[in-house]
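Colleague: Take this structure first; my questions come after.
The values are calculated or read from the model by the stated rules, or taken from the named source; none is laboratory data. Since we're looking at a predicted model, the values are computed, not measured. Cβ placement follows ideal geometry from the backbone for every residue including glycine, while neighbour counts extend to all protein chains displayed. Just the protein is used for accessible areas: all its heavy atoms, side chains included, with ligands, DNA and RNA removed. Shrake-Rupley method; radii C 1.70, N 1.55, O 1.52, S 1.80 Å.
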Amino acid sequence: MHAEVVVVGAGSAGCIAALAAARAGRRVLLVDRLGFPGGTSTAVLDTFYAFFTAGEAGHKVVSGLPDLPVDRLRARGKVFERPNSFGSGIGYTYDPETLKIVWTELLREHDV
């Protein structure tokens with residue numbers, strides 16, 4: 001395969017970078033040391049943070065491509081919003097195994 005963009009690391013940021021490049025019409029190769037996409041978010045965690053501002057009010061400040069996996073998880077009933085007990089804002093708690101599937105589907109749909 002000839003790739004125009006190589007993304008090293010298939011964590012959440014790497015997956016989003018690969019999707020962005022693919023949506024821009026580039027041939028993308030995504031590589032990772034693990035046998036599945038999602039990195040730490042699928043290997044050891046179960047909650048995304050940083051979509052909302054810190055504090056109880058939690059205003060959403062991140063959207064766009066990062067919403068794709070959250071929307072897919074929501075459609076499967078595998079994600080919910082919850083406040084963080086340490087004050088870092090609202091988080092999306094999800095099922096990590098389903099997130100692996102969601103990332104794989106999104107990457108395949110975009111020929112990554």
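Colleague: If each of THR40 and LEU65 carries a label point 7 Å out from its Cα toward its Cβ, how far apart are those two points in nm?
Modeller: Output for this residue pair reads 2.0 nm.
Colleague: Pick the calculated semi-axes √(5λ) of the Cα gyration tensor in Å for this structure from (i) 23, 16, 13; (ii) 26, 14, 12; (iii) 24, 18, 14?
Modeller: Recomputing semi-axes √(5λ) of the Cα gyration tensor in Å here gives the entry labelled (ii).
Colleague: I would also like to ask the following. Work out, step by step, the length gained on full extension between SER85 and ALA24: first 0.36 nm times the residue separation, then minus their alpha carbon distance; give nm to one decimal. Write out the running numbers ahead of the final one.
Modeller: On the way: separation 61, 0.36 × 61 = 21.96 nm, distance 3.84 nm.
Once the chain is fully extended between SER85 and ALA24, it gains 18.1 nm.
Colleague: Taking Cα pairs under 8 Å and at least six residues apart, what relative contact order does the chain come out at, in percent? Walk me through the intermediate numbers first.
Modeller: Numbers: 190 pairs, mean separation 32.7, N = 112.
Normalised by residue count, the contact order of the chain is 29 percent.
Colleague: Enter the accessible area per residue of the chain (Å², integer; probe 1.4 Å; all protein chains in place).
Modeller: Details: 6330 Å² over 112 residues.
Per-residue value: 57 Å².
Colleague: If the label point is 7 Å along Cα→Cβ of ASP32, which residues in the range 71-112 have backbone nitrogen under 13 Å from it?
Modeller: The answer is 96-108, whose backbone nitrogens lie closer than 13 Å to the label point.
Colleague: Moving on to the next point. Within the chain, which complete DSSP H helices have Cα atoms spanning at least 15 Å along the helix axis and a mean Kyte-Doolittle hydropathy of 0.0 or higher? Provide the component values of the computation, followed by the final result.
Modeller: On the way: long enough: 12-23 (16 Å, 1.32); 96-109 (20 Å, -0.19).
Those that clear 15 Å and a mean of 0.0 are 12-23.
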